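As structure tokens, the structure follows; a few thoughts come after it.
The values are calculated or read from the model by the stated rules, or taken from the named source; none is laboratory data. Bear in mind that the values here come from a model prediction, so they are computed numbers and not experimental data. Don't worry about glycine lacking a Cβ; one is built from the backbone with ideal geometry, like all the others, and counts go over all protein chains shown. Keep in mind that these areas ignore ligands, DNA and RNA; they rest on the heavy atoms of the full protein, side chains included. Shrake-Rupley method; radii C 1.70, N 1.55, O 1.52, S 1.80 Å.
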Amino acid sequence: MIDPLKAPGKIATAGMSAQSARLLVISENIANAQSVGATSGADPYSRKTISFKSEVDRLSGATMVKVAQYGIDRSPFKVEQDPGNPAADKDGNVKLPNVNLMVEMADMREANRVYQANLQVFRQTRELVSMTIDLMRT
Amino acid sequence: MSELRLFGIASQQARWLGERQTVIASNVANASTPGYKAKDVMPFSSVLNGVQSGMRVTNSRHMNISGGAGQAGTTATATRLDPTGKTSHSGNSVSIERELVKSGEVKGAYSLNTNVVKAFHRMLLMSVRGG
């Protein structure tokens, strides 16, 4: 069993890195919200997804979090009529990515909120440690 | 020297608070894990009464895994599922607000604990020095 005041810092760090991985995926999606295919009629960028799973750390017995898997959203692409686009097929239709900016923004806010909560736990734990150290100066 | 048990009780409570903070950190880290259920530790009163929810030694040939009565501070605190949790659509029952409130409680209790230990230590030193 690890020191109970060291484990929360590690867990909060794991939580923060999981949320940063999520933010990375979200920013990829937003950046590629208009990325069409390279050739005529080719598929555009597909939205990426991420999911987490909890994992018991054998050394400390604490429940950490890690990235379970990255996935690809298989929902249908948006189709627009735009014959001037280089990615348009012979009927003039262009397939656009299945990225919904509203969904990505909502997801980003949630990732941000969970990141901040993890940071708060980290700070709180640091204060507990410094209170313990303060016992020595009387 | 029965009043000197205060140090023992204080360190036991500090340990319990540390473990509670660990459980809170796990809950917050898993706030977006599908199917994760929020946990909490058993209340401190059950630790103080020595009522551990682990296995009890009822036969002399059993292994004593609870560490014996003399070193109650070394036993691991049992965790339970948080009874107040509301499960969301993804099967996750963590509420970040509730966890942060609990974390604030832990901080307050820890501050009280260390201050009491400090005061008691000062009293002890005073009696040794003779004023």
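Shown is the FRET efficiency for A:S20 and A:V103, computed with R0 = 25 Å from the Cβ-Cβ distance and rounded to the nearest 0.05: 0.80. Only one residue of B:S127, A:A21, B:H89 has its Cα farthest out toward the positive end of the dipole of the protein assembly as shown, where Lys and Arg carry +1 and Asp and Glu -1 on Cβ, and that residue is B:S127. Using only Cα positions of the stretch A:60-138, each an equal point scatterer, no hydration layer, compute I(q)/I(0) via Debye at q = 0.15, 0.18, 0.27 Å⁻¹ and quote the log10 values to two decimals. Summing over Cα pairs of the stretch A:60-138 leads to -0.82, -0.96, -1.22. Relative to the current alpha-carbon distance between B:H89 and B:M126, full extension at 0.36 nm per residue lengthens the span by 7.4 nm.
Legend: Rg and Dmax of chain A, from Cα coordinates, 22.2, 83 Å. If only the Cβ of Lys and Arg carry +1 and only the Cβ of Asp and Glu carry -1, the dipole of the protein assembly as shown around its Cα centre is close to 1180 debye.
Dipole check for the stretch A:29-138: with +1 at the C-beta of Lys and Arg, -1 at the C-beta of Asp and Glu, and the Cα centre as origin, the magnitude is about 420 Debye. Modelled spin labels at A:N112 and A:E80, positioned 7 Å past Cα toward Cβ, are 2.6 nm from each other. Rolling a 1.4 Å probe over the heavy atoms of the protein chains gives the protein assembly as shown an accessible area of 59 Å² per residue.
Extension gain for the segment B:K118 to B:N49, taken as residue separation times 0.36 nm less the Cα-Cα distance, is 22.4 nm to one decimal. Give the interface area between chains B and A as buried accessible surface, both sides summed, probe 1.4 Å, in Å² to the nearest 100. By this definition, chains B and A bury close to 2600 Å².
Taking the protein heavy atoms of chain A in the context of the full set of protein chains, the accessible area attributed to carbon and sulfur is 54 percent at 1.4 Å.
If you take the charge dipole of chain A about its Cα centre, with +1 on Lys and Arg Cβ and -1 on Asp and Glu Cβ, which of A:T63, A:G41, A:L135 is farthest toward its positive end? Of A:T63, A:G41, A:L135, it is A:L135. The eigenvalues of the Cα gyration tensor, multiplied by 5 and square-rooted, give the protein assembly as shown an equivalent ellipsoid with semi-axes of 53, 20, 13 Å from largest to smallest.
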